[in-house]
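Scroll down for the structure; my scribbles are underneath it.
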């Protein structure tokens, strides 16, 4: 029997294990999905969540490959410092200017800029603009619309500055494979009205 080095063998097994999945994924992702301006393809349970993060491509649309959102960020606001253990994220700045802090490094992105955040990378961002600004968020794999929906629903039931809101946020984060690691850079994305 020929002598095969370990790396060659592992590489061959890796190719063999992934190859059968590729045609299935391509065959399942053949659905055309259209979202018009102001439209969300996911039926969020609250109007506020639908306005904050309209879903332009659902997990169902993409056969689980990804979900895409058009996020609206109030001036000087953004999410808490957090980490995803399930999703990779790609952001594209549509309007305004955003500061991203990813893995401890700061990146200022104007309209047209983008950033890729692999799962496991602690990150936080904020809208630096004096007006509401927008970014596109693509999460892979899909399904993140369910997190946004549950978070929107739960935060609508509590006072946002209360300890119970922070506890509920941490529970919803954990349910979807994320951890809250610290505060937002400036103001929280959700603000009490």
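Read-outs: derived from the displayed coordinates by stated rules, not from any lab. Bear in mind the structure is a predicted one, so any value in this text is a computation, not a measurement. Here the Cβ positions follow ideal geometry from the backbone for every residue, glycine too, while neighbour counts run over all protein chains shown.
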Proxy exposure order for 88, 149 (fewest C-beta within 10 Å first) is 88, 149
By the mean-Cβ-within-10 Å protection proxy, highest first, 96-103, 35-42 rank as 96-103, 35-42
More than 15 Å apart - percent of Cα-Cα pairs taken over the stretch 77-146 = 51 percent
Given the convex hull of the Cα atoms of the stretch 102-193, what is a quarter of its surface area in nm²?
-> 6.8 nm²
So what is the orientation-averaged projected area of the stretch 44-188, using the convex hull of its C-alpha atoms, in nm²?
-> 7.8 nm²
May I ask for the distance between the Cα centers of the stretch 94-111 and the stretch 127-193, given as a whole number of Å?
-> 18 Å
